[in-house]
1. For N235, list long-range residues whose amide hydrogen, built 1.01 Å from N in the peptide plane, is under 5 Å from its own amide hydrogen.
2. Pull up the DSSP beta bridges for region 34-277 and report the antiparallel fraction as a percent, rounded to 5.
3. Out of all DSSP beta bridges with both ends in the chain, state the antiparallel percent to the nearest 5.
4. Mind putting together the pair-distance distribution for region 100-154? All Cα pairs, 5 Å bins, whole percent per bin, short to long.
5. Starting from region 234-312, pick out the GluC sites (Glu not before Pro) whose DSSP state is loop and whose Cβ has at most 10 other Cβ atoms within 10 Å.
6. Determine the order of R216, R312 by accessible area, beginning with the largest, at a probe radius of 1.4 Å.
7. Kindly provide the pair-distance distribution of region 22-120 built from C-alpha pairs, with 10 Å bins from 0 and whole-percent values in order of increasing distance.
8. Which whole-angstrom value gives the distance between the alpha carbon centres of region 1-73 and region 256-317?
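The values are calculated or read from the model by the stated rules, or taken from the named source; none is laboratory data. Since this is a predicted model, take the numbers as computed values, not measurements. Cβ atoms come from the backbone with ideal geometry, glycine included; neighbour counts cover every protein chain shown. Heavy atoms of the whole protein, side chains included, go into the accessibility calculation; ligands, DNA and RNA do not. Shrake-Rupley method; radii C 1.70, N 1.55, O 1.52, S 1.80 Å.
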Amino acid sequence: MHDFNYKHNNLYCESVSIEELAGKYGTPLYVYSRNTLISHYRKIKEAFSAINPLICFSMKANSNFSICKALVKEGAGLDIVSGGELYRALKTGVASKKIVYAGVGKTEKEIEIAIRHHIFFFNVESIPELELINKVAARLGIQQKVAIRINPDVKASTHKYITTGHGENKFGIDFETARKIFLERNRYKNLSISGIHMHIGSQIVEAGPFIRAMERVVDFIRDLESHGAGVRWLNIGGGLGIIYSEERPQTAKEYAKAVLPVLKKAKANIIMEPGRFIAGNAGVLVTKVQYIKETPRKKFAIVDAGMNDLIRPNLYGAYHEILPVKSCSYSNSEEIKIFDVVGPICESGDFLGKDRKFIGLKEGDLLSVMGAGAYGFSMSSNYNSRPRVSEVMVDGSKVKLIRSRETYEDLIRTEL
Ligand code: LLP
């Protein structure tokens with residue numbers, strides 16, 4: 001599953017001990033395994049080899065330059081949602097024909113820069129956006145490909161903040177409106193409206209919702225075809241779930257087996273936008289226990305990482321496994337105690353884990369928060385004026401610092 005394993009009771013990332021990394025680079029620290037990252041990309045690529053899709057890594061999951069660049073080198077495209085992500089994407093050297101751009105609120109400036117760079121597809125989320133892209137493309141004298149993002153109105157069992165394909169969500173366009181757009185697509189002189197996009201949500205562990213959404217979309221494509229409006233590209237989004245604790249998510253192979261028969265009926269080229277599946281288990285957040293605090297009601301392990309470094313537990317009530325970097329075996333165990341692992345931020349919601357069992361946990365111990373490679377650093381902030389942390393990437397026995405720790409000066413650099 002991933003390359004974070006114990007050797008003689010010490011946690012390693014590939015061939016490098018986490019303790020050594022923490023000693024050298026300090027804590028809190030994001031540590032990534034290059035092998036885990038790349039092997040998850042390859043798992044998807046192989047599972048879908050029968051149709052050879054364009055796999056665009058969803059940069060919002062982890063937009064670190066070295067992470068994206070490693071995937072681009074493997075042949076991945078990039079899925080972006082902002083001018084900032086476009087800027088980062090271009091820096092990786094990815095071919096602009098492998099960039100797809102989603103999001104409900106693209107600004108005119110963002111649209112213009114993306115068109116100038118000849119990105120592959122805009123995934124369009126509303127009619128006003130479609131009109132704006134057409135206007136800008138006309139001004140630039142460029143013919144731009146767009147895909148219409150469909151809201152297939154299916155329910156996916158995931159956290160309510162990360163479901164996106166339900167009728168009440170702000171994302172995508174309903175079938176009826178999309179149909180009108182396709183049948184009148186000649187109105188948009190500077191657009192080639194040649195794709196359909198869907199993304200129904202994130203951390204979806206079963207195939208059912210994907211199949212239901214894809215069946216609806218494929219029926220829609222065939223209906224359009226029968227009216228003379230062919231669709232050449234189908235982007236099925238991301239959303240594949242990973243293991244955080246007890247989940248038994250579908251593997252890439254199982255997912256492919258379930259959806260390929262439906263996708264083949266679309267007779268279109270396929271694009272995918274996985275984020276979490278590729279990066280999620282490729283990263284951990286290493287943190288140090290500052291204090292052990294025992295109150296009459298609770299025991300707290302107060303660590304040096306907070307919700308500004310990893311907000312998922314706070315925002316979604318997400319579970320991340322927390323492992324001791326040096327493990328004790330139960331046979332020579334001292335007392336097992338139950339702790340809330342909390343950060344230094346001035347909010348009661350600042351926790352990384354609740355009611356976690358540890359053996360002999362003490363001040364100075366290192367902990368590894370697992371599954372933090374996706375939506376970890378990329379959602380981190382400077383809240384409480386905390387500098388954002390370093391990130392390192394391990395490749396076998398080699399280690400590369402891929403982002404240095406911010407300084408106090410960085411905190412005020414742009415303030416006047
Ligand atoms: N494509 C689109 C249009 C998306 O909106 C997303 C994620 C993806 C692809 C990638 O989805 P993935 O394969 O990673 O599930 N911050 C939340 C997740 C938000 C996902 C937003 N959209 C979390 O930490 O769980």
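1. Result for N235 returns I196, H197, M198, I271.
2. Numbers: 1 of 28 bridges.
Once the DSSP bridges in region 34-277 are tallied, antiparallel ones form about 5 percent.
3. On the way: 35 of 70 bridges.
Within the chain, antiparallel bridges account for around 50 percent of the total.
4. 4, 21, 35, 25, 8, 4, 2, 1
5. Working: sites: E246, E247, E254, E294; in loops: E246, E247.
Passing both the DSSP loop test and the Cβ count: E246.
6. On the way: R216 105, R312 10 Å².
Order by accessible area, largest first: R216, R312.
7. In whole percents, the pair-distance histogram is 14, 42, 29, 13, 2.
8. Here the two parts' Cα centres lie 13 Å apart.
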